[in-house]
Amino acid sequence: MRGELKWIAWETTPRCNLSCVHCRSSSTMHLPEVMDTKQALSVLDKIGDFCSPVVVLSGGEPLLRKDIFKLAQYGTDKGFRMCMATNGTLINNEHCEKMIETGIKMVSLSLDGSTAEIHDNFRNHKGAFSGVLRGIEFLKKHGIPFLINSSFTKRNQQDIENTYKLAKELGATAWYMFMIVPTGRGEDVMSELIDTKDYDEILRWHYRLEQQENEILVRPTCAPHYYRIYIEEAMKEGNSAKRRNLTFSTGANKGCVAGQTICLIRSDGEVLPCSYFPVSGGNIFKQSMEEIWNSKLFLEMRDIEGYKGKCGVCEYRGVCGGCRARAYAVTGDYLDPEPFCDYEPGHLKEKNR
Ligand code: SF4
Ligand code: SF4
């Protein structure tokens, strides 16, 4: 599969003013900046030599970079659809004005609970909840569209429905539910991961939610077997299930899209198949984007026939494929089966009978 790169998350800084328990990049305020403005602009040049994607200015916390809006403007001028992913706590009027001026199309924020107690506990920072709500008020005042990403583990899984309701009340364009993928500091939360049975039930709850939700866009992020569950549930209902297109989605209506339509560029230039995948296909400061996109790692990510075990023979592998990062975190082999799916592919069921 050739794969078209449509969506890039770019870690513009490793620095962050929060230190969340599940952070994929283990960011803190104490890390040094690794890219100066000239180097950062060269990253956008390298991207532009290969494709014209959605580029999400991410971090760490991107608003800690003094030149962040210069980068936004440069990307917009190149024809990229520039977005920003922020923890929301630093947003002020000036930032909003700059976002509009430099063509930021969408801001994504994290909200991991419906109360200060739950969100602050998850974000490891007292005041994070009020900070993100304040950030949202600024965005609304300036008419800047935003979406809300919510991450869940055992510690906040009871609050999933309330968090969705709050995201809707706040006026988000979309609410994306995400079950933590262990990587970076996230490895410590391995024992906190929602277990397979609950995971399945939550995805079936989400299916029902998606069917009756008409205002806010909803979709679980990085829960590839949702696509299997979606088909199973839709078939039970005689295939009448509705589906809506997502704004600023990752470019493919399927489960795992790591290295297929998306990638992450880390602040040190290493290019990973997705934000939670700690293996690099190459370094953008040393190679072209095209070379990296066609590296062995990225080609393997796109070759679903090469997936091992049940994911390799599953009738849903084309729409699902399992989470390659979770497989890597659990066994050390990213081609191994998705560890949080308990589905047994049809013909294996026959064989084991
Ligand atoms: S490997 Fe795929 S499903 Fe897993 S975190 Fe990355 S993009 Fe998401
Ligand atoms: S076995 Fe793998 S490909 Fe099949 S539904 Fe489960 S995670 Fe997806």
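Residues that are surrounded by fewer than 18 Cβ atoms within 10 Å (Cβ to Cβ) and near ligand 2 (Cβ under 10 Å from one of its atoms) were ranked within region 328-342; the one that is farthest from the chain's Cα centre (by Cα) is D342.
Only residues that are in contact (Cβ under 8 Å) with a residue 24 or more places away in the chain, within 16 Å of ligand 1 (Cβ to nearest atom) and not in a loop (DSSP other than H, G, I, E, B) were counted across region 272-294, and they come to 1. Kindly check whether there is at least one residue in region 222-232 that is away from ligand 2 (no atom under 16 Å from the Cβ) and part of a helix (DSSP H, G or I). The answer is no, given that none of the residues of region 222-232 is away from ligand 2 (no atom under 16 Å from the Cβ) and part of a helix (DSSP H, G or I). Which one of G255, G259 is within 26 Å of F50 (Cβ to Cβ), modelled with pLDDT of 95 or more and within 19 Å of the chain's Cα centre (by Cα)? Just a single option satisfies the conditions, and that option is G259.
The condition of being closer than 29 Å to G75 by Cα and of a type outside the set (K, R) holds for only one of I160, I118, I180, I104, that being I104. Looking across region 299-327, the residues that are buried (at least 23 other Cβ atoms within 10 Å of the Cβ), more than 8 Å from ligand 2 (Cβ to nearest atom) and either part of a loop (DSSP other than H, G, I, E, B) or not basic (K, R) (or both) come down to M301, A325, A327. With respect to L297, is the statement that it is under 30 Å from L44 (Cβ atoms), within 15 Å of ligand 1 (Cβ to nearest atom), among the aliphatic types (A, V, I, L, M) and modelled with pLDDT of 90 or more true? In short, yes. Could you tell me whether S267 is more than 12 Å from ligand 1 (Cβ to nearest atom), touching a Leu at 6+ places or on another chain (Cβ under 7 Å), among the polar types (S, T, N, Q) and part of a loop (DSSP other than H, G, I, E, B)? Answer is no for this residue.
The values are calculated or read from the model by the stated rules, or taken from the named source; none is laboratory data. As the structure is a computational prediction, the values presented were derived from the model and not from experiment. Virtual Cβ from ideal backbone geometry, glycine too; neighbours counted across all protein chains shown.
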